[in-house]
Amino acid sequence: MERLRAIILKEIWALLRDPKGRIILFAPPLLQLMIFSFATTLDVNNARIGILDQSGGAQAQELVQRIAASSNFGEIQRLSSHDGLARAIDRQEIIAAVVFEPGFDRALAAGKPATLGIILDGRRSNAAQIVAGYISNIASDAAAQRSGGSGPVSGIVTNWYNPSLDYIWFTLPSLIAIVSAVAGLSVTAQSVARERELGTFDQLMVSPLRMHEILIGKMIPPWLVGMLNGTIFLAVATLFFHVPFTGSLLLFYLSLAVYMFALIGVGMFVSAASTTQQQAFLGSFLAMVPLILLSGYASPIENMPDWLQMVTLINPARYFVVIVQGLFLKAMPLDLVLEQLWPLCLIAIATLSISAWLFRARME
Amino acid sequence: MTARQPLPVASAEGLVKRFGAGPAALDQVSIAIRPWQMTGLVGPDGAGKTTLIRILAGLMTADAGTLDILGGAPIDALEDIGYMPQRFGLYEDLSVLENLTLYAELRALPKAEHDATFDRLLTFTDLKRFQSRPAGKLSGGMKQKLGLACALVRTPKLLLLDEPGVGVDPISRRELWSMVSDLTEEGIGVLWSTAYLDEAENCDIVYLLNDGKLLFEGPPEALTDGIEGRVIKVTDFDDNRRHVLTRALDRSDVIDGTLQGRAVRLLVKEGCAPPDRTVLNEGEQTRVSQASARFEDGFIDILGGGPTGTSQLAQNYREIPVSDAPAISANGLTKKFGDFTAAEDMNFTVGRGQIFGLLGPNGAGKSTCFKMLCGLLTPTSGTGAVAGKDIRRAAAHARSSLGYMAQKFSLYGDLSVAQNLAFFAGVYNLGGAAAKAAIGQMTELFNLGDRLNVNAGTLPLGFKQRLALACAVMHQPPVLFLDEPTSGVDPVARREFWTHINGLVEKGVTVLVTTHFMDEAEYCDSVTLIYRARQIASGSPDDLKAEAARITGAGDPTMEDAFIALIERSEQSNAPGLAA
């Protein structure tokens, strides 16, 4: 016990003694959180769209008015023909065009469903998709306000959990998963590599410290840093960005703890494999990119090819993103959290065991 | 003499250089480097040697003082300065010839002269056979030779060599030295910096630097002549040599002493008569004779002498119980890395209270052997035991009975002295009161009291060494493993260290030391010389010297002579042409 205490204390001191090190532990993650949350906004504002109105009726006119009034759209370009439409999109004058077929008003007047055409610039698919979402929203709003049941759009999308469609509500919880991963992974990745580079690793190996004591001693401090960072992020998200936290704090910390262990396993693996701090840095970067890209934060997992979806199953961030979003926005109940938590536990056990194995194997 | 003194190629007056607060790295240092001469810049690590060389090479400017390099500022003389930093910038993946070509192009040597120059330099450095080998695959000595060749692609007027002998075995060191002294015969002014005091004796002019101050300048004989007659050699005493040294050092008329095989070498205080047999009282047979003074004696004399003989550390140490089992044993220890055999069939035993030395050039296998015994490497075959505990089966137990001091004192530089002590106390299972007592005792014994909150990395070298020793012995282990324990520290700190070790040995502590410093080897009771993964000679330092004397026919060889003679003999009995 004395030995374990000594090495944990030593590792904590090693992290905190250097004033620069102290700042690096907490300032960049917080900065990243801020920058990411402002830079990766998924809202589209001032998009320029075109209108091709071949119907000329009052209903179409009404819808055009509604679109023009939305703050999401800037200038509305009136188009006179399909050729003109093609040209406008081709030159990127507009990102999307709304087409009212000649029979639009007539169909509505007859109480039949009418179709609204939306043509999007596929080169800017992400923004265009969002614009399409806005337009169909406006259309369904308009339909809902007209009495009667029939409307121009058959599928009505309602945004649950994020009624104001405020994207920061979506991004911030996921960012907690991403940014704490960046911090937790790199701190662990440096730990063994630093000692190797400084030549103190042999000293450690010659001491009566058992292997597991060294491993635990090296894992606890980054874990504590991760938990502390998670707490800070939670506070910033709720107090500064006013993202509601609707779930259980206990479940949040339980999941964060398991998540950090899974990441520390990955970090320790990188560290044990590296002989210099530079290698460790590159190694943690190498692990970081797929961790983020395959987490479901940057792009929906359902949109990935099947084989890649299988790969995401071993990504700890995938599960934690779901948990943390759920806990923030929809008071995710225990059973749903557990559904995500048990694979996370398995991953943590796997990464920790593999890194311990490599650590032993790389002793020489 | 003065009439023949040529004008210096480089000279500096009153150089001062500071890095931040604290004492100056260079404090009023003046130096003159003359052509046709080997000028030695001698001093322990951290004395300011590299700072001075970097100023002379124009890589750094002094805060005060004047500088004259070939009649101007260094920046105007770059063409004529050859500079070899401690770690020469060789490109490890480029071959020997490619490195040379690169430096020739960097220094704008005309293409037409390339072939002739390379041919001359490769012949000169004896690297011709290896010209297509990648620089990273060369031995330490060959790397230094290649570095030297690269610094010489344009024949300089001033050659600045920053510790060319570091990390190089004695044979390569001698070769390098003779190459450089050939250069002085061409009229080049050479500055050779070194922490090895024996190298100083061979220089024409020596500048002795310590803590940024110039302690001595002039021909080395001027220093040794000053203490002539004060160095004595005591032999044929009755008692154990360590006891005799301890008692001698505790005398007020002796200011320094070392072991030299079965003899004890003493430096007598200025103005005191050298003690004779009756005064020393070490037995009827004792003989006291004059010994020739060495540069190191002169250095110690300037520093005011070494520590007294009794080690406080040892006095407070527990008595290690006597046991039947040897303290350290190696039985056929072998380590292979793939096809490469790093150590083969190592056999030796070390009894309680003995100092055993593993000697050999870098890369010969002594570190591999050392690492197997302290548990850092698992032997491929063979067995070993430390303090009676098998190094394979009871590795953790074996480790808890040894104290380990790594090369360059690998402490935690970002942690304070107190945190380092606390960590090592905890690691060796000292808790609560026991840890507190041990830390308090170490702090007092090693005089670390007012540095407890200082980061270990910023300590002066001598204090780092003390702290490293303190961390290694805090748990009072029966066995100590030391890896080049005193490399680069000043001679007084080195004496202090060996005083402690000698004291601990008297308490029954067994010491395994790996070194290629010959004066460290002299402290050993027995040594084994490892070369090309094998033990090529074993015995007491005196046995090895006697064996070397039989080989070479020369009388009274030094430990270094013995080292070289034994390796050369082994070399001859092996297949020729593989010399590296």
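Rule-based calculations on the coordinates, nothing more; no lab input. The structure displayed is predicted, hence computed values, not measured ones. Don't worry about glycine lacking a Cβ; one is built from the backbone with ideal geometry, like all the others, and counts go over all protein chains shown.
In the P(r) worked out for the stretch B:318-377, what percent of Cα pairs fall beyond 13 Å? List each step's numbers first, then the result.
Numbers: 1162 of 1770 pairs.
Summing the P(r) tail past 13 Å for the stretch B:318-377 gives 66 percent.
Please list, in order along the stretch A:89-102, the HN-Hα scalar couplings obtained from phi with the Karplus expression 6.51 cos²θ - 1.76 cosθ + 1.60 (θ = phi - 60°), rounded to whole Hz, x for Gly and Pro.
Ordered by residue, 3J(HN,Hα) equals 6, 4, 7, 6, 6, 10, 9, 8, 10, 9, 10, 9, 5, x Hz.
Mean residue ellipticity at 222 nm from the helices of chain A, using -39,500 (n - 2.57) per DSSP H segment of n ≥ 4 over the full residue count, to the nearest 500 deg cm²/dmol?
-22000 deg cm²/dmol
Can you give the convex hull volume of the alpha carbon atoms of the stretch B:159-243 per residue, in Å³?
171
Whole-Å semi-axes of the stretch A:47-145's equivalent ellipsoid, largest first, each the root of 5 times a Cα gyration tensor eigenvalue?
Result for the stretch A:47-145: semi-axes of 22, 15, 11 Å.
Amide H neighbours of A:Leu209 under 5 Å, at least 5 residues apart or on other chains, H built in the peptide plane: list them.
none
How large are Rg and Dmax for chain A when calculated on the C-alpha trace, in angstrom?
26.6, 89
At a 10 angstrom cut-off on C-beta neighbours, averaged per residue, how do the peptides B:550-563, B:249-262 rank from highest to lowest?
B:249-262, B:550-563
Please report, to two decimal places, log10 I(q)/I(0) for the stretch B:474-523 at q = 0.15, 0.19 Å⁻¹ as given by the Debye formula with identical point scatterers on the Cα atoms and no solvent.
-0.39, -0.62
Just to check, using Stokes-Einstein with a Kirkwood Rh over alpha carbon pairs, what's the diffusion coefficient of the stretch B:2-223 at 10 °C and 1.306 mPa s in µm²/s?
Once the numbers are plugged in, D ends up at 90 µm²/s.
Collect residues whose amide H, placed 1.01 Å from N in the peptide plane, falls under 5 Å from the amide H of B:Val479; neighbours closer than 5 in sequence don't count.
B:Gly403, B:Thr510
Restricting to bridges with both residues inside chain B, how much of the DSSP beta-bridge set is antiparallel, in percent to the nearest 5?
60
Taking the alpha carbon gyration tensor of the protein assembly as shown, what are the square roots of 5 times its eigenvalues, largest first, to the nearest whole Å?
With the √(5λ) rule applied to the protein assembly as shown, the semi-axes are 72, 35, 25 Å.
Which of A:Thr275, B:Thr443 has the fewest other C-beta atoms within 10 Å, and how do the rest follow up to the most?
Working: A:Thr275 13, B:Thr443 19.
Fewest to most other Cβ atoms nearby, the residues stand as A:Thr275, B:Thr443.
Which angle from 0 to 90°, rounded to the nearest 10, does the C-alpha axis of helix A:58-69 make with the longest principal axis of chain A?
Computed tilt is about 40 degrees.
Of all alpha-carbon pairs in the stretch A:60-100, indicate the percentage at a distance above 13 angstrom.
When every Cα pair of the stretch A:60-100 is considered, 53 percent fall beyond 13 Å.
Please name which of A:Ala107, A:Ala60, A:Ile138 has its Cα lying farthest along the dipole of the stretch A:47-145 towards the positive end, using unit charges on Cβ (Lys, Arg +1; Asp, Glu -1) and the Cα centre as origin.
A:Ile138
Kindly flag which residue pairs out of A:Lys20/A:Lys330; B:Lys137/B:Lys213; B:Lys143/B:Lys389; A:Lys218/B:Lys436 have an alpha-carbon separation exceeding 32 Å in this structure.
Values: A:Lys20/A:Lys330 39 Å; B:Lys137/B:Lys213 39 Å; B:Lys143/B:Lys389 40 Å; A:Lys218/B:Lys436 24 Å.
Pairs exceeding the cut-off: A:Lys20/A:Lys330; B:Lys137/B:Lys213; B:Lys143/B:Lys389.
Counting Lys and Arg as +1 and Asp and Glu as -1, each charge on the Cβ, what is the dipole of chain B about the Cα centre in debye, to the nearest 20? Intermediate values should be presented prior to the final figure.
Values: 56 positive and 71 negative charges, 364 e Å.
The dipole magnitude comes to about 1740 debye.
Which residue, B:Asn429, B:Ser410, B:His475, has the largest displacement toward the positive end of the dipole of the stretch B:405-476 when charges sit on each Cβ (Lys, Arg +1; Asp, Glu -1)?
Final value for the positive-end residue is B:Ser410.
Going by average Cβ neighbours within 10 Å, how do the peptides B:280-292, B:365-377 rank, with the highest at the top?
The densest-packed peptide leads the list: B:365-377, B:280-292.
Which cross-chain or sequence-distant (5 or more) residues have an amide H under 5 Å from the amide H of B:Thr308, H modelled 1.01 Å from N in plane?
Amide H neighbours of B:Thr308: none.
Between the alpha-carbon centers of the stretch A:70-137 and the stretch B:144-180, tell me the distance in whole angstrom.
Taking the Cα centre of each part, the stretch A:70-137 and the stretch B:144-180 sit 79 Å apart.
What list do you get for B:Arg154, B:Arg242 if you sort them by fewest beta carbons within 10 Å?
Fewest to most other Cβ atoms nearby, the residues stand as B:Arg154, B:Arg242.
Only bridges whose two residues both fall in the stretch A:47-145 count here: according to DSSP, what percent of them are antiparallel, nearest 5? Each step should come with its number before you reach the end.
Details: 5 of 15 bridges.
Bridges in the stretch A:47-145 that DSSP calls antiparallel: roughly 35 percent.
Just want to confirm a number: the relative contact order over chain B, from Cα pairs under 8 angstrom separated by 6+ residues, in percent.
13
Mind checking which lysines have their Cα closer than 17 Å to the Cα of B:Lys464? Skip sequence neighbours fewer than 8 apart in that chain.
Once the sequence-local lysines are set aside, what remains near B:Lys464 is B:Lys408.
If you average 1/r across every pair of different Cα atoms in the stretch B:405-476 and take the reciprocal, what Kirkwood value do you get, in Å?
11.7
From the backbone phi of the stretch A:292-299, what are the Karplus-calculated ³J(HN,Hα) couplings (6.51 cos²θ - 1.76 cosθ + 1.60, θ = phi - 60°) in whole Hz, Gly and Pro given as x?
3J(HN,Hα) across the stretch A:292-299, in whole Hz: 6, 5, 9, 8, x, 7, 6, 8.
Could you tell me the relative contact order of the stretch B:227-310? Use alpha-carbon pairs under 8 Å, at least six residues apart, and round to a whole percent.
For the stretch B:227-310, the relative contact order is 44 percent.
Take the Cα atoms of the stretch B:256-402, find their three principal axes, and give me the spread along each one in whole Å, biggest first.
Ordered largest first, the stretch B:256-402 gives principal extents of 61, 36, 31 Å.
To the nearest µm²/s, what D does Stokes-Einstein give for the stretch B:227-310 at 37 °C and 0.692 mPa s, using the Kirkwood radius over alpha carbon pairs as Rh?
So the translational diffusion coefficient is about 263 µm²/s.
In whole Hz, what ³J(HN,Hα) sequence does the stretch A:256-272 give by Karplus (6.51, -1.76, 1.60; θ = phi - 60°), x for Gly and Pro?
With the stated coefficients, the stretch A:256-272 comes to 4, 4, 5, 4, 4, 5, 4, 5, 5, x, 5, x, 5, 4, 4, 5, 5 Hz.
Would you report the distance distribution of C-alpha pairs in the stretch B:183-332 as whole percents per 10 angstrom bin, up to the bin with the largest distance?
10, 31, 27, 19, 10, 2, 0
Return an integer: the convex hull volume of the alpha-carbon atoms of the stretch A:323-364, in Å³ per residue.
54
Please state the charge dipole magnitude for the protein assembly as shown, taken about the Cα centre, from unit charges on C-beta atoms (+1 on K and R, -1 on D and E), reported in debye and rounded to the nearest 20.
It comes to approximately 2580 debye.
Considering only DSSP beta bridges whose two residues both sit in the protein assembly as shown, what percent are antiparallel, to the nearest 5? Don't jump to the answer; show the numbers that get you there.
On the way: 56 of 101 bridges.
Expressed as a percentage, antiparallel bridges in the protein assembly as shown total about 55.
Binning at 20 Å from 0, report for chain B what percent of all alpha-carbon pair distances ends up in each bin.
So the P(r) values, bin by bin, are 19, 52, 28, 1.
Cut-off under 27 Å on the C-alpha distance; same-chain residues fewer than 8 positions from B:Lys233 excluded. Which lysines are left, in chain and number order?
Once the sequence-local lysines are set aside, what remains near B:Lys233 is B:Lys269, B:Lys507, B:Lys545.
In percent, how large is the relative contact order of the stretch A:252-360, given Cα pairs closer than 8 Å and 6 or more residues apart?
47
To the nearest whole number, what is the average tally of beta carbon atoms from other chains within 10 Å of the beta carbons of peptide B:425-438?
That works out to 4 on average.
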